[in-house]
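The values are calculated or read from the model by the stated rules, or taken from the named source; none is laboratory data. Predicted, not measured: the structure shown is a model, and the values here were computed from it. Cβ atoms come from the backbone with ideal geometry, glycine included; neighbour counts cover every protein chain shown. Only protein heavy atoms, including side chains, enter the accessible area calculation; ligands, DNA and RNA are left aside. Shrake-Rupley method; radii C 1.70, N 1.55, O 1.52, S 1.80 Å.
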Amino acid sequence: MCSATYAAVPTSDQTALKLSFGSDDGGSSDDLLSALGAISRASLDSSTADELQLAALGHKAELKRQFSPLSMLGLAFAILNSWTALSASLSLALPSGGSTSVVWGLVTAGVCNLCLAASLAEFLSAYPTAGGQYHWVAVISWKRWVPLLSWITGWINVSGWIALVASGGLLGSQLIVGVISLYDATYLSKRWHQFLIYIGYSLVAFFVNAFLNHLLPYVNKAAITWSITGFLVISITALACSSPHYASADFVFRNFINETGWPDGIAWLLGLLQGGLGLTGYDAVAHMIEEIPDASVEGPKIMVYCVCIGMFTGFIFLVVLLFVSGGDLKSIISSSAGPLLQILYNSTQSRAGAVGLLMFPLICLLFATTSIMTTSSRMTYAFARDGGLPASNFFARVHPKLGQPLNSLCLTTSLVIMFGCIFLGSSSAFNAIISASVVSLGVSYAIPIAINCLQGRKKLPPRAFVLPTPLGWFANLLGIAYVIVTSVLFVFPPQLPVTASNMNYCIVAFAIILLISIVQWLVDGRKNFTGPRSDMGLEVLEAVKSQQQRPTDDLDPKIAEERDIDI
């Protein structure tokens with residue numbers, strides 16, 4: 001190894017480097033990951049270190065690292081967009097616990113999702129690859145079960161992201177239909193009206209992703225700017241217009257109603273679906289991690305930050321809405337305009353004013369749908385790259401001119417449109433699709449965490465982001481418990497008695513996904529799928545060595561001085 005680089009590595013890590021480079025087989029996976037993680041930015045520039053670490057995980061860097069930490073935080077926050085998702089989905093929680101479900105359900109879901117995000121951030125710091133959960137499962141699982149567990153996790157994660165794309169269009173279509181109802185009391189909304197709006201959202205998101213890929217970093221920055229601006233404008237305007245006729249604090253923090261037919265306790269827990277929706281999708285950072293620099297350091301921070309920002313803005317915004325709501329939840333729930341628009345109208349006493357404020361969440365949802373589709377296509381691409389999908393070679397291609405996995409993007413969009421067809425047949429399809437996204441993503445979060453816990457939390461190598469042992473155990477176990485509870489509850493029908501129209505068809509969607517994945521496993525997966533490559537390979541070692549020994553004529557003098565190299 002080049003002595004200049006070796007001198008730049010902390011003494012405590014030099015032994016690992018010696019072992020990794022000195023062994024005939026190139027060293028174990030953990031040894032080389034530790035070695036690569038130990039190489040400081042004084043010895044390798046960040047882009048090269050990122051590429052070597054990705055190569056160490058078995059993949060060639062094909063996507064440009066065009067996202068800055070701020071633009072990636074914008075993408076993550078655009079996907080969560082908690083205050084928008086929470087306010088647009090008030091119809092999920094208000095009948096299932098009223099104000100207490102809206103406010104304290106968010107706090108409960110927020111703490112649990114923060115535990116999950118912090119737990120996943122450890123994995124992301126150790127293994128920054130777009131595969132995310134299914135790759136982490138493959139790396140830490142018992143060798144015998146690696147292919148099957150990785151396969152299951154990958155299919156669950158892919159389906160969860162497709163369902164989440166669908167949720168953005170459905171929320172937007174509900175708000176637009178509500179605007180029509182506010183202006184025309186005789187308007188009778190039909191499902192195909194919402195479906196066409198849903199298709200419009202999906203196609204706009206596809207167009208931006210397919211043909212404006214180079215502008216996505218700017219789109220993400222615009223998304224976070226628009227979102228925070230909307231949060232402030234709506235909050236200040238609604239409070240000013242309602243002054244001094246606010247609802248009581250008792251109404252905001254203690255009012256409980258139950259219009260579901262379920263026992264009160266079950267009803268309140270069902271209301272957690274709103275908080276779960278507003279704080280899910282933070283693994284987007286993992287699936288986009290190959291497109292940001294200094295991935296193993298910046299990625300985990302962004303994952304945790306976006307959940308914290310979502311909790312804070314979501315809590316404040318929901319409390320503001322309840323204070324300006326007028327205090328009559330039953331009329332808000334039954335309003336044909338939808339809960340959010342009705343609350344804005346109650347506050348401003350102006351249809352034009354209410355619709356004007358509604359433009360912020362409407363455009364936020366368009367940003368969110370675009371960002372979710374970006375992430376979903378990258379997740380599909382990553383799984384296909386490892387042979388997890390039918391026709392994987394086709395879906396794992398990166399378009400040479402557009403610079404993104406266009407085939408995976410087309411697959412995602414097609415499935416989103418097909419998935420939305422459920423809405424035409426069931427009045428509870430909205431709940432089913434939302435439930436499917438939250439449950440699928442939650443299960444994909446819990447699987448790698450649970451496997452790591454079963455092995456004493458000892459499977460992750462040295463990394464930049466580490467939870468202290470007691471806190472790590474607490475976060476892991478609370479997150480797993482939350483996923484188990486919500487996975488059972490969120491497939492319940494939203495109301496009793498259960499009929500064919502109000503049935504929660506989330507369980508049907510899961511059955512279809514499970515059937516397809518089982519058939520594909522029997523036909524192809526069990527023979528050819530071995531999970532993502534987690535071995536380091538001699539070619540990675542050669543890449544490291546060649547990087548260290550490259551000509552220094554083109555180096556900046558300051559960098560060369562830091563590396564202790566004479567030019």
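Values for this structure:
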| quantity | calculated |
| --- | --- |
| Close pairs (7 angstrom Cβ cut-off, 6 or more residues apart or separate chains): farther than 17 Å from residue 90 by Cα in the range 488-502, open to solvent by 70 Å² or more (accessible area, probe 1.4 Å) anywhere | 491/507; 502/495 |
| Positions within the range 203-228 being open to solvent by less than 80 Å² (accessible area, probe 1.4 Å), farther than 30 Å from residue 312 by Cβ and not in a loop (DSSP other than H, G, I, E, B), in sequence order | 206, 210, 213 |
| Unique match (being at pLDDT below 85 and surrounded by 24 or more Cβ atoms within 10 Å (Cβ to Cβ)) among 391, 382 | 382 |
| In the range 168-197, residue nearest to residue 413 (Cα to Cα) [restricted to those that are surrounded by 13 or more Cβ atoms within 10 Å (Cβ to Cβ) and hydroxyl-bearing (Ser, Thr, Tyr)] | 173 |
| Residue check, residue 316 in a helix (DSSP H, G or I), open to solvent by 10 Å² or more (accessible area, probe 1.4 Å), modelled with pLDDT under 90 and not polar (S, T, N, Q) | no |
| Conditions (1) in a loop (DSSP other than H, G, I, E, B); (2) touching a Ser or Thr at 6+ places or on another chain (Cβ under 8 Å); number of the one not met by residue 282 | (2) |
| Total residues in the range 470-529, condition modelled with pLDDT of 80 or more and among the β-branched types (Val, Ile, Thr) | 11 |
| Qualifying residue in the range 518-532 (condition: part of a helix (DSSP H, G or I), of a type in the set (Lys, Arg) and open to solvent by 20 Å² or more (accessible area, probe 1.4 Å)) | yes |
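Yes or no, residue by residue, for (1) among the β-branched types (Val, Ile, Thr); (2) within 18 Å of residue 479 (Cβ to Cβ); (3) modelled with pLDDT under 70:
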position: 71; (1), (2), (3): no, no, yes
position: 80; (1), (2), (3): no, yes, no
position: 88; (1), (2), (3): no, no, no
position: 101; (1), (2), (3): no, no, no
position: 120; (1), (2), (3): no, yes, no
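Quick grid of which residues meet (1) surrounded by fewer than 22 Cβ atoms within 10 Å (Cβ to Cβ); (2) of a type in the set (D, E, K, R); (3) over 26 Å from residue 200 (Cα atoms); (4) within 23 Å of the chain's Cα centre (by Cα):
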| position | (1), (2), (3), (4) |
| --- | --- |
| 409 | no, no, no, yes |
| 413 | no, no, no, yes |
| 445 | no, no, yes, yes |
| 470 | yes, no, yes, no |
| 479 | no, no, yes, yes |
| 487 | yes, no, yes, yes |
| 494 | no, no, yes, no |
| 498 | yes, no, yes, no |
| 502 | yes, no, no, no |
